[in-house]
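> Below is the structure I would like to discuss, written out as structure tokens.
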Amino acid sequence: MAIPPADTPLYNHALPQIEQWLKNQGCEQDRNELHCWRVDRATWKAELWLDIDQITVRYVQAGENGKDIQRSFKYSLTRQDIEEAVFAGP
């Protein structure tokens, strides 16, 4: 399945296209909670949730004193904007 152009809002992507995009970014889907994804980078790791109207990202132990940092991005943003914001890290 082809993924729409990067300047397309995420809400215009079918779920299989969003899942493929996450896989292309190196994310792995949780086997029990299918809306939950994880990604590990050299300097950070995060959990992503596909919610009803937004994607929520929690950067694990990335904040002050090892606290998690959580951010949410509406599906009305383009895939490129979300990709740049999420995968740039905390």
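Every read-out reported here was derived from the displayed coordinates using simple, explicitly stated rules and does not represent laboratory data. For clarity, every value in this text was computed on a predicted model and none was experimentally measured. Here the Cβ positions follow ideal geometry from the backbone for every residue, glycine too, while neighbour counts run over all protein chains shown.
> Which lysines have a Cα lying under 19 Å from the Cα of Lys45, excluding residues fewer than 8 positions away in the same chain?
Partners found: Lys23, Lys67.
> Would you please give the residues with an amide H less than 5 Å from that of Lys45, counting only those at least 5 places away or on a separate chain, with H modeled from the backbone geometry?
Sorted by chain and number, the residues that satisfy this are Val60.
> Please turn the phi angles of region 9-21 into ³J(HN,Hα) values with the Karplus equation 6.51 cos²θ - 1.76 cosθ + 1.60 (θ = phi - 60°), one per residue in order, whole Hz, x for glycine and proline.
Result, ordered by residue: x, 4, 5, 8, 9, 6, 3, x, 6, 5, 4, 5, 4 Hz.
> Oh, and also: Give a quick list of GluC sites (Glu not before Pro) in region 17-80 that DSSP marks as loop, anything other than H, G, I, E or B, with at most 12 other Cβ atoms within 10 Å.
Hits after loop and neighbour filter: Glu33.
> Counting other Cβ atoms within 10 Å, which trypsin sites (Lys or Arg not before Pro) in region 58-90 have at most 14 and lie in a DSSP loop?
Lys67
> Given the rule -39500 (n - 2.57) for each run of at least 4 DSSP H residues, summed and divided by the residues of the chain, what is its mean residue ellipticity at 222 nm, to the nearest 500 deg cm²/dmol?
Roughly -6000 deg cm²/dmol at 222 nm, from the helical runs in the chain.
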